[in-house]
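The block underneath contains the structure these notes are about, expressed in structure tokens.
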Amino acid sequence: MDQSPPLFGWLFEVVGPGLWVALVAFFTYTCVKRKELTVPTLVFIGGSTMWWQEWYGDWGAYVLYNPHLALIPGYDWPLSGPNKPWAVIPAYGWFYALVYFPVIFLCKKVHERYFSTAPWWIVAVAISLPLFYLWDLLIEGGASVLGIWSYVDFVGPAMESSRGNFPLLYPVITFSVMMTITLLVIAAKTPQGTPLVESWSRVDRLRGPARTIGRIIIWIVTMNLCYMIFIVPTVLIRLAFLPPNILVP
């Protein structure tokens, strides 16, 4: 596999972090305007904290980042991918923030207009699952073709090139399922309109700064737990069934 510097690596290492900063500015503006932390802001915060799980998912899925990227030094833990780029950290913020709420909006509109008698979650699953697959194919598949990273081993058919590979079945389908489950969690609300995770955790009963801090914490925990739905099985499946690999040992 070609391990020369990636094509347009600046998209990942410069544009990506810049996009994250722009989203910080946007969400700050919306929160100041509304005088409260909005749910999209909380999901953005929670999504931005999920990056630490990336390296374990990389190991389970045989993902190898290009060694010419700016890598985090001295970070070599068991069952983790060997190359850990700094740009992954902000990527978690923009990757999820740019897709979840447009898809939620689309699901609600389609449900209201065409399938109002059907349960909302069925419509949401039917729409979001293929859209999340296409989103991952666009972002991850595109990055693989550019040589930013590659799945050096895979199960089933894949997009293969000299610079990188992207599997079309596993783990992209299980990843899309995780995103769909997370969407359902994000969109779930009580009859009063309170996010269900805030109601179950009772942070909606808090007041003042305690409520703000509580909401941030519960969304960070929620987003990370949802992501573990994908990461933990990916690691366990490799441990139990898949062969070793010299590039992602």
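Annotations
- Ellipsoid fit via the Cα gyration tensor, the stretch 108-148: semi-axes of 32, 8, 5 Å, each the root of five times an eigenvalue, largest first.
- Normalised radius of gyration (Cα atoms, divided by 2.2 N^0.38 Å) for the stretch 87-133: 1.36.
- Positive end of the dipole of the chain (Cβ unit charges, origin at the Cα centre): among G164, L131, G74, the Cα lying farthest that way belongs to L131.
- Q3 paired with V152, simple spin-label distance in nm, labels 7 Å along Cα-to-beta-carbon: 0.7 nm
- Separation of alpha-carbon centers, the stretch 35-103 and the stretch 124-161, rounded to whole Å: 16 Å
- Between K33 and L134, the FRET efficiency from the beta-carbon distance, with R0 = 30 Å, is close to 0.40.
- When the convex hull of its Cα atoms is viewed from all sides, the stretch 9-241 shows a mean projected area of 14.3 nm².
- Acute angle (nearest 10 degrees) that the helix 172-187 long axis makes with the longest principal axis of the chain, alpha-carbon atoms: 20 degrees
- Local electrostatic count at G57 - Lys and Arg +1, Asp and Glu -1, tallied over other residues with Cβ under 15 Å: -3
- Loop-located trypsin sites (Lys or Arg not before Pro) in the stretch 1-84, at most 14 other Cβ atoms within 10 Å (DSSP): K35
- Charge context of S150, other residues only, Cβ under 12 angstrom, K/R +1, D/E -1: -4
- Per principal axis, descending, Cα span of the stretch 71-168 in whole Å: 53, 29, 24
- Taking Lys and Arg as +1 and Asp and Glu as -1, the other residues whose beta-carbon sits under 11 Å from that of V123 total +2.
- Listed residue (N83, G141, P102) projecting farthest to the positive dipole end of the stretch 37-146, Cβ model: P102
- Taking the Cα centre of the chain as origin and assigning +1 to Lys and Arg Cβ atoms and -1 to Asp and Glu Cβ atoms, the resulting dipole is close to 1200 debye.
- Crossing angle, helix 209-241 versus the chain [Cα axis fit, 0-90 degrees, rounded to tens]: 40 degrees
- In a fully extended conformation the segment linking T174 and S199 would gain 6.2 nm over its present Cα-Cα distance, using 0.36 nm per residue.
- Length-normalised contact order of the stretch 9-241 in % [C-alpha pairs under 8 Å, at least 6 apart]: 25 percent
- Estimated FRET transfer efficiency when R0 is 25 angstrom, pair V221-L106 (beta carbons, to 0.05): 0.40
- For the chain, the residue among Y65, F175, G93 whose Cα projects farthest onto the positive side of the dipole built from Cβ charges is G93.
Just so you know, all these numbers are worked out from the coordinates, no wet-lab data involved. For clarity, every value in this text was computed on a predicted model and none was experimentally measured. For neighbour counting, all protein chains shown are included, and Cβ atoms are generated from backbone atoms with ideal geometry for every residue, glycine included.
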